[in-house]
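The values are calculated or read from the model by the stated rules, or taken from the named source; none is laboratory data. Treat the numbers as computed from the prediction; the structure is a model and nothing was measured. Glycine also receives a Cβ, built like all others from the backbone with ideal geometry; neighbour counts cover every protein chain displayed. Remember, those area values only see protein heavy atoms, side chains included, never the ligands or the DNA or RNA. Shrake-Rupley method; radii C 1.70, N 1.55, O 1.52, S 1.80 Å.
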Amino acid sequence: MTFRLPAVIALALALSLLLAGAARASTQLKDGDIVFHTSRSAQSLAVQRATGSRYSHMGIVLTKDGKPYVFEAVSTVRYTPLAQWTARGNGGHYVVKRLRNADTLLTPGAVARLRAGTADFEGRPYDLTFEWSDQRIYCSELVWKLYQRALGVRIGELQKIREFNLKDPAVRAKMRERYGDRVPMDEPVISPVAMFDSPLLVTVETR
């Protein structure tokens with residue numbers, strides 16, 4: 001005789017297994033992990049086309065009270081619960097990257113320095129003109145500076161604005177909106193894709 005679970009019980013078991021899998025996945029995240037997704041903000045398309053990258057937004061994972069948060073630059077620099085951060089991305093898709101030698105570099109002391117470094121940026125306004133100063137901060141600049149100042153690690157190479165694809169119509173429109181006719185072509189910039197492609201990082205999760 002074949003024994004079959006009632007449909008309601010079978011569904012409950014399936015959901016519990018799914019939630020358990022999600023819980024296991026979330027526990028794989030570590031302090032210092034770097035997360036990338038495709039933002040649905042007004043500037044996302046211009047960033048993608050200027051840099052040739054699928055991903056237009058990023059942040060750094062730091063736990064608070066045992067729960068994963070993303071320290072990010074949006075309207076202001078802030079901590080955002082991971083679930084809320086991922087939900088803002090296109091399709092809920094995101095990629096988690098980690099320092100290739102994280103086991104030796106991301107010691108408790110190094111993570112403490114990363115946490116301490118957030119105090120220099122938290123609450124700062126978002127930088128719409130991508131200037132290389134600490135007065136206003138954009139997403140990849142935030143993560144790059146945290147790692148450089150806390151660990152002396154430079155993830156990704158700086159570029160100048162003139163090195164990006166500025167001929168694309170969406171990029172040109174956003175540039176006119178932000179700069180008018182005075183584009184600072186030699187301003188140093190760190191893009192999400194420069195960090196995403198850095199050989200210093202390895203992919204640990206894609207969802």
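Between the helical axis of 7-27 and the dominant principal axis of the chain, each derived from Cα atoms, what acute angle in degrees is found, rounded to the nearest 10?
40 degrees
Just the accessible area per residue of region 78-148, please: how many Å² with a 1.4 Å probe? Don't skip to the answer; put the middle values down first.
Details: 3180 Å² over 71 residues.
Roughly 45 Å² per residue, with all protein chains present.
Give me the percent relative contact order of region 61-207, please, defined on Cα pairs under 8 angstrom at least 6 residues apart. If you can, show how the numbers build up before the last one.
On the way: 192 pairs, mean separation 43.0, N = 147.
Over region 61-207, the number comes to 29 percent.
Suppose we look only past 11 Å in the calculated P(r) of region 112-157. What percent of the Cα-Cα pairs does that tail hold?
Details: 667 of 1035 pairs.
Counting every Cα pair in region 112-157, those more than 11 Å apart make up 64 percent.
Determine one quarter of the surface area of the Cα convex hull of the chain, which equals its mean projected area, and express it in nm² to one decimal. Display every interim value, and only then the final one.
On the way: hull surface 60.0 nm².
Dividing the Cα hull surface by four gives the mean projection, 15.0 nm².
How large is ³J(HN,Hα), in whole Hz, for each residue of region 57-69 in order, when computed from phi with the Karplus curve 6.51 cos²θ - 1.76 cosθ + 1.60 and θ = phi - 60°, using x for Gly and Pro?
Values per residue, Gly and Pro as x: 9, 7, x, 10, 7, 9, 7, 9, 6, x, 10, x, 10 Hz.
Any aspartates and glutamates with Cα under 20 Å of the residue 97 Cα? List them, leaving off those in the same chain fewer than 8 positions away.
Cα-Cα hits under 20 Å: 31, 33, 72, 141, 157, 197, 205.
By how many degrees, between 0 and 90 and to the nearest 10, does the Cα long axis of helix 139-151 differ from the longest principal axis of the chain?
90 degrees
Would you list, by chain and number, the lysines whose Cα falls below 21 Å from the Cα of residue 174, excluding same-chain residues fewer than 8 positions away?
Result set, ordered by chain and number: 160.
Would you please give the FRET efficiency between residue 120 and residue 157, computed as 1/(1 + (r/R0)^6) with r the Cβ-Cβ distance and R0 = 30 Å, to the nearest 0.05? Before the final figure, lay out each step's value.
Values: r = 23 Å, r/R0 = 0.76.
So the FRET efficiency works out to roughly 0.85.
Give the Rg (one decimal place) followed by the Dmax (whole number) of region 136-187, computed from C-alpha coordinates and expressed in Å.
When restricted to Cα atoms, region 136-187 yields Rg and Dmax of 13.6, 39 Å.
In whole Å, what is the distance between the alpha-carbon centres of region 157-197 and region 75-95?
23 Å
Pop out the ³J(HN,Hα) list for region 70-79 in order, Karplus 6.51 cos²θ - 1.76 cosθ + 1.60 with θ = phi - 60°, rounded to Hz; leave Gly and Pro as x.
Each residue of region 70-79 in turn: 10, 8, 9, 9, 10, 5, 9, 7, 7, 8 Hz.
7 Å from Cα along Cα→Cβ at both residue 165 and residue 65: what's the point-to-point distance in nm?
Here the answer is 4.3 nm between the modelled labels.
With +1 on each Lys and Arg Cβ and -1 on each Asp and Glu Cβ, and nothing else charged, work out how big the dipole of the chain is about its Cα centre, in Debye to the nearest 20.
Details: 29 positive and 20 negative charges, 87 e Å.
Charge dipole of the chain: 420 debye, to the nearest 20.
Specify which residue in the list 184, 130, 56 is farthest towards the positive end of the charge dipole of the chain, using unit charges on the beta carbon of Lys, Arg (+1) and Asp, Glu (-1), about the Cα centre.
Of the options given, the answer is 56.
Ignoring ligands, DNA and RNA, what percent of the accessible area of region 56-207 is carbon or sulfur (1.4 Å)?
Numbers: 3760 of 7530 Å².
Solvent-exposed carbon and sulfur of region 56-207 make up 50 percent of the total.
What nm value, rounded to one decimal, do you get for the distance between residue 206 and residue 104 when each label is placed 7 Å out toward the C-beta?
2.8 nm
What is the helix-to-structure angle for 108-118, meaning the angle in degrees between its Cα long axis and the longest Cα principal axis of the chain, kept from 0 to 90 and rounded to the nearest 10?
Here the helix axis deviates by roughly 50 degrees.
Just the accessible area per residue of region 26-73, please: how many Å² with a 1.4 Å probe?
On the way: 1960 Å² over 48 residues.
Per-residue value: 41 Å².
Expressed in nm², what is the orientationally averaged projection area of the convex hull enclosing the Cα positions of region 55-136? The partial results should precede the final answer.
On the way: hull surface 25.6 nm².
Result: 6.4 nm².
May I ask you to list the trypsin sites (Lys or Arg not before Pro) in region 110-175 that are in a DSSP loop and have at most 12 other Cβ atoms within 10 Å of their Cβ?
Working: sites: 113, 115, 136, 145, 149, 154, 160, 162, 167, 172, 174; in loops: 136, 154, 167.
Loop-located and lightly packed - 167.
Express in % the proportion of alpha carbon pairs of region 87-207 at distances exceeding 23 Å. Show your work: numbers first, answer last.
Numbers: 2984 of 7260 pairs.
For region 87-207, the fraction of Cα-Cα distances above 23 Å is 41 percent.
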